Amino acid sequence: SEEPDFLEVRGLHAGYGQARVLQGLDFSVARGEVCAILGPNGAGKTTTLRALSGMVRGRGSVTLNGTELLGRSPEQAARLGVAHVPEGRGTFNDLTVEENLRIGAHLRTGRRNRAAVTADLERIYDYFPALRRRSRQAAGSLSGGEQQMIAIGRALMLRPALLLLDEPSLGLAPLVTRELFGIVRAVNEEERTTVVVVEQNAQLALDIAHRAHVLEAGRLVLSGPAREIREDGQVAEVYLGVS
Ligand code: ATP
């Protein structure tokens, strides 16, 4: 991919009160890449995404296309093109599927944007046909996989430059997860959306990622092309819990 410095993370520290979680992360993501962040429970994967989207305060530097993201509120980060799909999805159960998706476009107001938002809704439905069929149903009545589709679709309604996905496979059946990851890869290829995905299911994430980073106790212990990490048997055994 071009522009190796689209997302630049330098010396990133972050934590919660006294708890220091991230101990100085350095990595970069090229525009249009899918980057996977892997590692055991509590390594700091979620905290990394939160630091990128303004949900926790970070020290160091995180630039997107040259613009500093640290010190921004979540809304400011969203205005700069960062869409964060949190673990647990955060869909509104009592609202319809379509209402949930439209919430993702709430920053895009005004008459001029209205037609574009409606067109984008159609685009989302093309990626997720199950959501088109259920557009008028309450989000809470859909399956876990479909709710994850809503959460991702809602994030895409922002037209993000950077899409952050936290454990999209959580609680989903393997087949559903595989379908979901296939759609994420299609979005990445067709929209050129840069994606950072945090996953417990390393094998699955490595199938769609271009590059991967393994995080352990707040530090990156391994970085490289996804193919190399996937094919390195020892790496898989030590870091990914597979053999
Ligand atoms: P998991 O898959 O369990 O979410 P993770 O790699 O995403 O793992 P984080 O969620 O980033 O890890 O958590 C890193 C550390 O920060 C853990 O020790 C966790 O207990 C702690 N932590 C996470 N959120 C908070 C919070 N809101 N307040 C205090 N500590 C937190």
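Within region 211-243, the residues that satisfy the criterion of being surrounded by fewer than 18 Cβ atoms within 10 Å (Cβ to Cβ) and at pLDDT 85 or above are E216, A217, R219, V221, S223, G224, P225, R227, E228.
Quick check, is L175 at negative phi and open to solvent by less than 10 Å² (accessible area, probe 1.4 Å)? In short, no.
Is it the case that some residue within region 187-199 is on the phi > 0 side of the Ramachandran plot, touching a residue at least 12 places away in the same chain (Cβ under 8 Å), open to solvent by 30 Å² or more (accessible area, probe 1.4 Å) and more than 13 Å from the ligand (Cβ to nearest atom)? Checked region 187-199: at least one residue is on the phi > 0 side of the Ramachandran plot, touching a residue at least 12 places away in the same chain (Cβ under 8 Å), open to solvent by 30 Å² or more (accessible area, probe 1.4 Å) and more than 13 Å from the ligand (Cβ to nearest atom). The number of residues in region 15-30 that are touching a Gly at 6+ places or on another chain (Cβ under 6 Å) and open to solvent by 10 Å² or more (accessible area, probe 1.4 Å) comes to 3. Kindly indicate whether D207 is open to solvent by 50 Å² or more (accessible area, probe 1.4 Å) and free of Cβ contacts under 8 Å to residues at least 12 places away in the same chain. No: the conditions fail for D207. Taking the criterion of being closer than 20 Å to T48 by Cα and more than 12 Å from the chain's Cα centre (by Cα), the residues of region 170-203 that qualify are L170, Q200, N201, A202.
Got a sec? Which strands (runs of 3 or more DSSP E) wholly within region 31-90 have at least 3 residues that are open to solvent by 10 Å² or more (accessible area, probe 1.4 Å) and over 20 Å from A209 (Cα atoms)? Don't jump to the end; show me each part of the working.
Working: elements: 34-38, 58-64, 82-85.
The strands (runs of 3 or more DSSP E) meeting that bar are 58-64.
The values are calculated or read from the model by the stated rules, or taken from the named source; none is laboratory data. Because the structure is a prediction, the values reported are computed rather than measured. Quick reminder, even Gly has a Cβ in these numbers, built from the backbone with ideal geometry, and neighbours come from all protein chains shown. With ligands, DNA and RNA removed, areas are computed over all heavy atoms of the protein, side chains included. Shrake-Rupley method; radii C 1.70, N 1.55, O 1.52, S 1.80 Å.
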